[in-house]
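Worksheet: one structure, shown below.
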Amino acid sequence: MKENLEKYLPEISGAVIGLLLAFCFIGLGFYKTIFVIVMLVCGALVGHYWPLLKNLKNR
């Protein structure tokens with residue numbers, strides 16, 4: 001079972017993400033879902049670059 005999970009992890013992850021997006025589109029609507037996705041990407045970018053910004057500030 002673990003071997004199959006590791007083998008098909010990208011497909012399973014994609015299916016789960018697709019299911020969550022479908023529920024968001026149904027529950028929230030198109031524009032609210034797009035807004036949530038944009039805010040999620042912005043938060044991920046800030047979280048990724050935050051340590052780099054702290055290093056630049058300390059110089």
| request: Take the range 1-56 and flag every residue that is in a helix (DSSP H, G or I) and of a type in the set (Ser, Thr, Tyr). | output: 13, 31, 33, 49
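Considering only the range 19-40, I want to know if a residue exists there that is among the polar types (S, T, N, Q) and modelled with pLDDT under 90.
Looking for residues that are among the polar types (S, T, N, Q) and modelled with pLDDT under 90, one finds none in the range 19-40, hence no.
The values are calculated or read from the model by the stated rules, or taken from the named source; none is laboratory data. Only a predicted model underlies this, so the values are computations on that prediction, with no experimental measurement involved.
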